[in-house]
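Where a number appears in this text, it was derived from the coordinates with a stated rule and is not lab data. Keep in mind that this is a model prediction, so the values were computed, not measured. When we count neighbours, we look across all protein chains shown, and the Cβ atoms used for this are built from the backbone with ideal geometry, even at glycine.
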Amino acid sequence: MRLNASAPPRRTTLSLLLAAVLLLTGGLLLAAPGRADAADPLLSRGKPATSSSDEDGTLGPAKAFDGDPATRWASAEGSDPQWLRVDLGAPATVSRVRLSWEAAYAKAYRVEVSADGATWTALATETAGNGGTDDWTGLAGKGRYLRVYGTARGTSYGYSLYEVEVYGTTDGTTPPPAGFTVVAAGDIAAQCTASSSSCAHPKTAAQAQRINPKFYLTMGDNQYDDARLSDYRAYYDKTWGAFKAKTRPVPGNHETYDPAGSLAGYKSYFGAIAYPQGKPYYSYDEGNWHFVALDSNSFDDAAQIQWLKDDLARNAKSCVAAYFHHPLYSSGGHGNDPVSKPVWQILYAAKADLVLNGHDHHYERFAPQDPNGKATADGIVEIVGGMGGAEPYPIETVQPNSQKRISGPYGVLKLDFTDTTYSWQYVGTDGSVKDTGPTYTCH
C-alpha cells in the first residue's frame, strides 16, 4: 500500500510553528510547476480493456475502468504472470496511475505503457506490494496503451483490482476522439466443447469477451457443420452465445446446409437479432459509421441488391463498413470469389471504406483497392477474419495488394472506430497482438 503518513505532532509551540511552516510549504509544493499531474484529467474511465484471463464472466477487465468501486476485475486463480490492459484511445503522456486492489493483490508487478500494444516500457515497478491503494505519481510515460503486469501474487488466489485510474494528457492536450470498439470473427463454432483442449471457439469467445466491445460482428459459418438449431444450442451458444444480445451476425454457406431448410437453424437461434428488418440482410448506425450486414449466399437476389443500393443512397453517415461471408479477394484455399464483385462495385461507388469477410480460415488484410483489384487510395480495405474457431486453412496463392497473412493462431479482430478513422488489431487467444493494421481516414 503506497501511503504518505506522519506521526501525530506534539502539542508544543515549536511543533505548532513547524506544522504551520510545513503546511505552507506543502501548499507551495502542490502549486509548483512540476506537480501538474495532480490536475491532469482521468483518461481511462470507460475505455476498452483486455486481460490475460478472467476468473469468470462477471469479473471482466472493463469492471476495473467503470468508475464503480464495488465492481472489479479478477484474473484466473493460481498462476503468474497475469495482466490487465486499457486502450486510452490516443497517444498520451501518463503522469499518474492509481490502483485499488481487492484482497487478491499483487506482491510484485509493473505498470507499463506501449505505443502499439506489443512493445512495453516500464513506468513503475513494485517488488514488495501489500495491497490496498497504490498511487503512482510523478510519472512521465508516453503511449496509447497501459497495462498492469503482475509477476507475483500476494495470496494463493489471482489478481483483482477494483479500479485502475490513469491520469495524464493526450498529445496536443486534446481529448481522444469519440469512438467505439467492435470485435469481429467468422467461421466459429466447430462441434466441440471446452472439455477438449483442441477446441478453439471457447478460447476465441473468452478473448472476445475480455475485450468487451460496443458490439460483436460475425462473418458467417457461425456454426458447423450444417448449422442446425440443435448444434447452435450445443456448441455456439455455450461460448459465443454468452454475448448473443450484443452480436450482429450474418450467415455463411454452412448456414444454408441445414436439413430443416436454408438458414432455418440460424434464424431460429438468432431471431430478430439476425433479422431486424425482416431479411437476412440489414443495416444500422453507430457514431459516424453506417454498417451494412449482407447475405452473400444470395448475392444473385435482385431484391437484396436493390435494397443495398437504396440503403446506401439514404445513408447520411460519413463512414461505411460492410460485412458478409464470401471475400472477393483471398490468398487462402477458397481463393477469390467473384460472387462478391457486383456488391463491391456498389460499395465502391458509395465510397465505402471497409469490408469484413470470413470463409477462408485465416487472417489477412489488404491495401485499399477497387473492385478490379487495382490499388488506389480511395479503394476499399478488405480484412478476412476467418479464425474464430474452425480448422485453419493454409495460405495458397498470395493475391496482389495482400499486406499481411496469418494462418494457424486462432484469434479475433479488434476494430477501433472514431468519427473519422478506423484501425484494428488481430488479437490471439492468448491476448497477444499478432498484427496491427494501419489507421485509415474515412473517404
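Provide the gained length on full extension for the span T441 to A367, in nm with one decimal, where the gain is 0.36 nm per separating residue minus the Cα-Cα distance.
Using 0.36 nm per residue and subtracting the Cα-Cα distance, I get 25.3 nm.
So what is the relative contact order of the stretch 62-163, in percent, for Cα pairs below 8 Å that sit 6 or more residues apart? Contact order relative to length: 45 percent.
Return the calculated 222 nm mean residue ellipticity for the chain, to the nearest 500 deg cm²/dmol, obtained by summing -39500 (n - 2.57) across DSSP H runs with n ≥ 4 and dividing by the residue count. When only DSSP H runs of four or more count, the value is -4500 deg cm²/dmol. Multiplying the residue separation of T193 and A313 by 0.36 nm and subtracting their alpha-carbon distance yields 38.8 nm. Taking the alpha carbon gyration tensor of the stretch 103-237, multiplying each eigenvalue by 5 and rooting it gives semi-axes of 37, 22, 12 Å, largest first. Normalised by the number of residues in the stretch 158-317, the average gap of Cα pairs under 8 Å and 6 or more apart makes the relative contact order 17 percent. The ellipsoid equivalent to the alpha-carbon distribution of the stretch 108-149 has semi-axes of 20, 11, 8 angstrom, derived from the gyration tensor eigenvalues as √(5λ) and listed largest first. Across all directions, the average projected area of the convex hull around the alpha carbons of the stretch 246-379 is 8.5 nm². Hull volume per residue, based on the alpha-carbon atoms of the stretch 240-294 and their convex hull, is 86 Å³. Give the angle, between 0 and 90 degrees and rounded to the nearest 10, that separates the Cα long axis of helix 302-314 from the longest principal axis of the Cα atoms of the chain. Roughly 40 degrees, rounded to the nearest 10.
Helix 13-31 and the long axis of the chain differ in direction by around 30°, with both axes built from C-alpha atoms.
For every other residue with a beta carbon closer than 12 angstrom to the beta carbon of T429, add +1 if it is Lys or Arg and -1 if Asp or Glu, then tell me the sum.
Values: positive: K203, R210, K434; negative: D430.
Summing Lys/Arg as +1 and Asp/Glu as -1 gives +2.
What FRET efficiency would be calculated for the residue pair D116, D378, taking the C-beta separation as r and a Förster radius of 25 Å, to the nearest 0.05? Walk me through the numbers before you get to the answer.
Working: r = 27 Å, r/R0 = 1.07.
Here the calculated transfer efficiency is 0.40.
Other residues whose C-beta falls under 9 angstrom from the C-beta of D378 contribute a net charge of 0, scoring Lys and Arg +1 and Asp and Glu -1.
Mind ordering 378-391, 247-260 by average Cβ neighbours within 10 Å, highest first?
Numbers: 378-391: 24.1, 247-260: 21.3.
Those peptides, ordered most packed to least, come out 378-391, 247-260.
The stretch 339-443: percent of C-alpha pairs farther apart than 18 Å? For the stretch 339-443, the fraction of Cα-Cα distances above 18 Å is 48 percent.
So if we plug the beta-carbon distance of K351 and S432 into 1/(1 + (r/R0)^6) with R0 = 41 Å, what FRET efficiency do we get, rounded to 0.05? With a Förster radius of 41 Å, E is 0.75.
Can you divide the C-alpha Rg of the chain by 2.2 N^0.38 Å and report the result to two decimal places? List each step's numbers first, then the result.
Values: Rg = 24.8 Å, N = 443, 2.2 N^0.38 = 22.3 Å.
Scaled against compact globular proteins, the figure is 1.11.
Considering only F243, Q306, T133, and ranking their Cα positions along the charge dipole of the chain that arises from unit charges at the beta-carbon of Lys, Arg, Asp and Glu, the one farthest toward the positive end is T133. Taking the Kirkwood radius as Rh and the Cα radius of gyration as Rg, the stretch 171-298 has a ratio of Rg/Rh equal to 1.03. Name the residue farthest towards the positive end of the dipole of the stretch 51-181 from the options A62, T155, G117, assuming +1 on Cβ of Lys and Arg, -1 on Cβ of Asp and Glu, about the Cα centre. With unit charges placed on the Cβ atoms, the residue in question is G117. Charged neighbours of S51, selected by a Cβ distance under 13 Å, balance to 0 (K, R count +1; D, E count -1). For the pair D237 and T58 in one chain, pulling the backbone fully straight at 0.36 nm per residue adds 62.7 nm over the alpha carbon distance. Across the stretch 283-349, C-alpha contacts under 8 Å between residues 6 or more apart give a mean separation that, scaled by the residue count, equals a relative contact order of 34 percent.
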